[in-house]
1. Compute the length gained on full extension between Ala37 and Ile93: take 0.36 nm times their separation in residues and subtract their Cα-Cα distance, giving the result in nm to one decimal.
2. Taking only Cα atoms and a 10 Å spring cutoff, compute GNM fluctuations for the chain and point out the largest among Thr102, Thr121, Thr110.
3. Just grab the label-to-label distance for Val114 and Asp8, each label 7 Å out from Cα along the Cβ direction, in nm (one decimal).
4. For the chain, take the convex hull of the Cα atoms, compute a quarter of its surface area, and give me that in nm², please.
5. In whole percent, what relative contact order does segment 30-105 give with Cα contacts below 8 Å and a gap of six or more residues?
6. Specify the inter-centroid distance of segment 101-120 and segment 27-74, based on alpha-carbon positions, in whole Å.
7. If the chain between Asn73 and Tyr57 were fully stretched, how many nm would it gain, using 0.36 nm times the residue separation less the Cα-Cα distance?
8. Would you be so kind as to identify which of Gln74, Ile93, His125 lies farthest towards the positive end of the dipole of segment 2-137, taking Lys and Arg as +1 and Asp and Glu as -1 on Cβ and the Cα centre as origin?
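Derivation of every value follows stated rules applied to the coordinates shown; laboratory data play no part. Not measured: the values here are computed from a predicted model. All Cβ positions, glycine included, derive from the backbone under ideal geometry; neighbour counts span all protein chains shown.
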Amino acid sequence: MVLLRALDVFFFVFHTAWIVFVLAGWIHPRMRRWHLAAVFLTAFSWVGLGYWYGWGYCPCTDWHWQVREAMGNQPQYMSYTRFLVESLLPVRISRFYVDTMTVMGLILATALSVMLNISSTRRRHGERTAVESKESME
């Protein structure tokens, strides 16, 4: 039971950190490439793996629910985000609302990540080109 409790805490912390990173990892310039990979992995899970396991499938949620079931806690939620919000805040939230906000959060984070990564790549390429041009003029 101690191992199951430790796994429950691990998944709660890890999955929560993953969600925060997916939503906000684009902010720090050095994390943008990692963030882009994280949003694509998340989207692949939801859509790619979701094709076989059900749309919005997340391995972390699946594994966490298996741990909680082994502890005798039947999952009350289909959405990990809803579980997280209702575990941390004294609110009840509709499944439709939380699912909509979750998908919108991923879409917005993905768009920001793609745009900022493209901008960073162009800026690095432009800086290199300017330096190379300056050297060739000398």
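1. Additional length available on full extension: 17.2 nm.
2. Per the Cα network of the chain with a 10 Å cutoff, Thr121 tops the list.
3. 4.0
4. Averaging across all directions leaves 11.1 nm² for the Cα convex hull.
5. Details: 37 pairs, mean separation 11.0, N = 76.
15 percent.
6. Cα centroid to Cα centroid, the span is 17 Å.
7. Details: separation 16, 0.36 × 16 = 5.76 nm, distance 2.00 nm.
Full-extension gain reported as 3.8 nm.
8. Looking along the dipole axis, the top candidate is His125.
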